[in-house]
Amino acid sequence: QVAEWLARPFDDFFGSTGTAHCAAAGRSRRQQQRAPSPGAESSKAAAPPRKRTKPCAKPGRRRSQPREELPWVERYRPETQNDLAVQKKKIEEVETWLKKHIFQRQPKQGGSLLLLTGPPGCGKTATLQILARDLGLQVQEWTNPLSLDFTKEDLRNMFGHDSNFHTFPSQAQAALFQDFLLRANKYNKLQMLGESSESDKKLILIEDIPNQFYRDPGSLHEILRSFVRTSRCPLVFIISDNFSGDSNQRSLFPPEIVEELCIFSISFKPIAPTNMMKVLNRIAAAEASMSREKNYALDRASVELLCRGCSGDIRSAINSLQFSSMKGCSLEKEFWSKKKKSSTIKCEEARVSKVRKKSKCDTLEYQEIQAIGGKDASIFLFHALGKIIYCKREAVSEAECPQLPAHLSEHHRDSLLIQPEDIVEKSHMSGSMFNLYLHQNYVDFFSDIDDVVRASEYLSTADVLCSNWSTHLVMESYSASVATRGVIHSNTSRAFAHQQGGMGFRPLHKPQWFLINKKYQENCIAAKSLFSSFCLPPECLQTELLPYLAMLANPMRNQAQIAFIQDVGRLPLKRHFGR
């Protein structure tokens, strides 16, 4: 019964071209041996053959797809360095590294590693492929393999009543990855008649990293150590950044591994709006000259709005341009016209100074990102901190802004050009973590000690809001709002639009809390292991017991305990000034 119950859904899942059910096949054989019936003959005739059918030349049609049917991202793929929208400095850095580690490589020099990072769609892969083509390099790229030996019988055996749920019958990706690096490094391509040995230069490209390495980065590090010792060609990793707190680069390539293996890192930035506008205008002009009856030509304002919504991702911008230019999409055409009309009306209604009118239009255009291909607007952390600390404002007339009473006049401020809650949200960080960075850096931008006192009180209130763990998730957004608006309001040197006071430009720093918390965790582990005989929690050991032990002269303690007591129990001010 279990076999019959399992057979139906899995056969439906894999289609009707597979083998017959296990139980049904057994019964049909027994029935055929006893007495063959016309029903059985008809079912036997209706059963499809076991041999797999070929997919009707669809792949061939896909290979020979005409240029007109290709997506614009493929049709207008950059062919030369001039076609790239990447910064020229980044292209030169990659080219210099390739020339140094391929053409100027010493005979006994080991393998070299290059790490290209940056947000999606910033031209990392295109830059490497074009430079490899210009330098005559052969690119061998790794792609994560699919399990081709997995059949319906394997699935049925896995979920059967006597199964122990073993893993899929496929080789581990880590082993295949290691084998790929070994073969790519060991064997050269066949040298044809008339080809020079210079064409044998190659590099290995890794963009699709096996998932196992994210769970166990140590296995990747061992493979890379072996590669550096024995390799004869460079290895290039391409990792796309994300704006959330976790970073693939930090987990796969920590600083100690980067230093040990001499990994050279080049970080790409999002495509600049001016470069993206040039590419989109060139594509739009080419399409308008080729097929005017199919595509709808967007004006400059629409292309600028589309550019702004793609957050520096040129791949997304080209896809959005193609979809928005389709002439059959009347809804999209109406959407663009309504958007431009509404933004124009809103700008005309704002009868104020020219400066404010321009900022109003910019704010409306920024908020009304297009629905087609629009990405979530993201702001890098230090950019978001700068928006909060520098807190730009716009002048407001007395008629538009109600006046405060006389006893509250000291709290009068001009309107902000930003919404602090939106800035925190677009930084893709938790409210408490953003408060941590703000607390580390806000003092350097204040010139009055009374302003610092008020700002520290707001930060303390924000910390209290998140002190209860049961309401932490609910109160975190309120805490970030109190901290950011409190710091902005407390800085009286930037209370009005005409004031640009404060301390000027200051570099932003990572919170010292990370280093202190790491040291605290290490001290807890050391205290628990060195003084395990006292059976006390690590906090009690460091705050109650060790200060007393530091005052005693007990010869029973070993050298490790004495060193730890001197560090934690005595709090030496000479070594840690200011503690």
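The values are calculated or read from the model by the stated rules, or taken from the named source; none is laboratory data. Predicted, not measured: the structure shown is a model, and the values here were computed from it. Neighbour counts are summed over all protein chains in view; Cβ atoms, including those assigned to glycine, are modelled from backbone coordinates with ideal geometry. Accessible surface areas use protein heavy atoms only, side chains included; no ligands, DNA or RNA. Shrake-Rupley method; radii C 1.70, N 1.55, O 1.52, S 1.80 Å.
Per-structure values
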item: Ellipsoid equivalent to the range 271-325 - semi-axes via the Cα gyration tensor, in Å; result: 19, 10, 9
item: Net charge dipole size for the range 271-325 [Lys, Arg +1 and Asp, Glu -1 on Cβ; Debye, nearest 20]; result: 100 debye
item: Shape category assigned to the range 401-461 from the gyration tensor of Cα positions, a/c cut at 1.5; result: oblate
item: Anisotropy class of the range 367-483 from Cα gyration tensor, a/c 1.5 cut; result: oblate
item: The range 514-569: C-alpha gyration tensor shape, a/c 1.5 cut-off, then a/b vs b/c; result: prolate
item: Relative contact order (%) - the range 260-327, alpha-carbon pairs under 8 angstrom, separation at least six; result: 40 percent
item: 28 Å Cα-Cα threshold exceeded, pairs from 387/510; 100/518; 90/202; 269/519; 269/392; result: 100/518; 269/519
item: Calculated FRET value between residue 524 and residue 214, using beta carbons and R₀ = 22 Å, to 0.05; result: 0.20
item: Packing rank of 303-316, 522-535, 122-135, where each peptide gets the mean count of other beta carbons within 10 Å, highest leading; result: 303-316, 122-135, 522-535
item: Probe 1.4 Å, accessible area per residue of the range 431-568, Å²; result: 61 Å²
item: Segments 255-263, 488-496 sorted - mean Cβ within 10 Å per residue, highest first; result: 488-496, 255-263
item: Accessible carbon and sulfur surface of the range 271-325 relative to its total accessible area, %, 1.4 Å; result: 56 percent
item: Pairwise FRET efficiency - residue 207 versus residue 477, Cβ, R0 = 30 Å, nearest 0.05; result: 0.25
item: Most to least packed among 389-397, 429-437 [average Cβ atoms within 10 Å]; result: 429-437, 389-397
